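One structure is given below, encoded as structure tokens.
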Amino acid sequence: MKNIVILISGRGSNMEAIVRAFRQEKWSARLCAVISNRADAAGLVFAAEAGIPTQVVSHKDYADREAYDAALQAVIDTYEPDLVILAGFMRILTTGFVEHYTGRMINIHPSLLPSFRGLHTHRQAIEAGVRVHGATVHFVTPELDGGPVIAQAVVPVLPGDDEDTLADRVLAQEHRLYPRVVRWITEDKVSYTGEGKVVLADDIAGSLDFVVKGGGL
Ligand code: GAR
């Protein structure tokens, strides 16, 4: 049974979707802790009410990124995690931290990577004039938003969309995509090879389940 630790910085709606699916579908895994770098992260309230241990490791208490990541790593490792889930954890991570969790740390990014890395992804998509947009779950590597893709959710960009309407459409699909991928990992259906590639079990890869279509596609 895998030990899971979730990192958040704010609202935590993806964390919430994962916790709800975990409970409803009775996954064989342990949700060990939800950790935030911000004490005021709204998601901490939901996690605590759901009975999951919560912890705050504030970046403001450390002099630099290296010191912060070392402290965060020490806290995470008390749970002996098999999987570390970044769910809106808005920190740039040091290479040492990322490499410590190679093949054990995943992230959700609100674009169809490798398009639109970084911030303001919905604005970037509208400005680029693309017709489809979405979200990506990927293993985390030292390259920001550059790790190998596990699965994606695709939505249309509709005439008249602004950043908010597009963000809402993508977020609804993030909430379908992320729990699905985490469940696959708990079932050993996703593996990370030493060459930085992802291998999916035949029942996922063969059915195109790794692409979630939503919002009118
Ligand atoms: C989500 O849209 C997630 O994809 C994004 O932050 C939001 C967090 O929302 N993550 C990134 O931009 C990471 N680069 P949530 O706190 O409600 O899950």
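The values are calculated or read from the model by the stated rules, or taken from the named source; none is laboratory data. As the structure is a computational prediction, the values presented were derived from the model and not from experiment. Positions of Cβ are generated from backbone atoms using ideal geometry, with glycine treated the same way; all protein chains shown enter the neighbour counts.
What are the residues in the range 173-217 that are more than 30 Å from Asp161 (Cα to Cα) and of a type in the set (Asp, Glu), if any?
Glu187, Asp188, Glu195, Asp202, Asp203
Cβ-Cβ under 9 Å, sequence separation 6+ or interchain: first residue in the range 158-178 and under 14 Å from Ala125 (Cβ atoms) and touching a residue at least 60 places away in the same chain (Cβ under 8 Å), partner part of a loop (DSSP other than H, G, I, E, B) and within 11 Å of the ligand (Cβ to nearest atom). Which pairs?
As it stands, the answer is Val170/Pro110; Val170/Ser111; Leu171/Pro110, since those pairs meet every condition given.
If a residue counts only when it is small (Gly, Ala, Ser), surrounded by 21 or more Cβ atoms within 10 Å (Cβ to Cβ) and modelled with pLDDT of 95 or more, which strands (runs of 3 or more DSSP E) contained entirely in the range 1-119 have at least 1 such residues? Break it down stepwise before answering.
Details: elements: 2-8, 29-36, 54-56, 83-86, 105-109.
Output list reads 29-36.
Right, Glu25: at negative phi, in contact (Cβ under 8 Å) with a residue 12 or more places away in the chain and among the acidic types (Asp, Glu) or not?
Yes, satisfied.
Could you grab me the full set of residues in the range 164-205 that are acidic (Asp, Glu) and either within 25 Å of Leu7 (Cα to Cα) or surrounded by 18 or more Cβ atoms within 10 Å (Cβ to Cβ) (or both)?
Asp164, Asp168, Glu174, Glu187, Asp188
In the range 1-16, what residues are closer than 17 Å to His175 by Cα and more than 8 Å from the ligand (Cβ to nearest atom)?
Listed by number, the residues that qualify are Ile6, Leu7.
Would you kindly identify the strands (runs of 3 or more DSSP E) lying entirely within the range 141-205 that contain at least 1 residues that are more than 27 Å from Ala29 (Cβ to Cβ)?
149-156
Can you tell me which residues in the range 206-216 are part of a loop (DSSP other than H, G, I, E, B) and surrounded by 14 or more Cβ atoms within 10 Å (Cβ to Cβ)?
Selection gives Asp209, Phe210, Gly214, Gly215.
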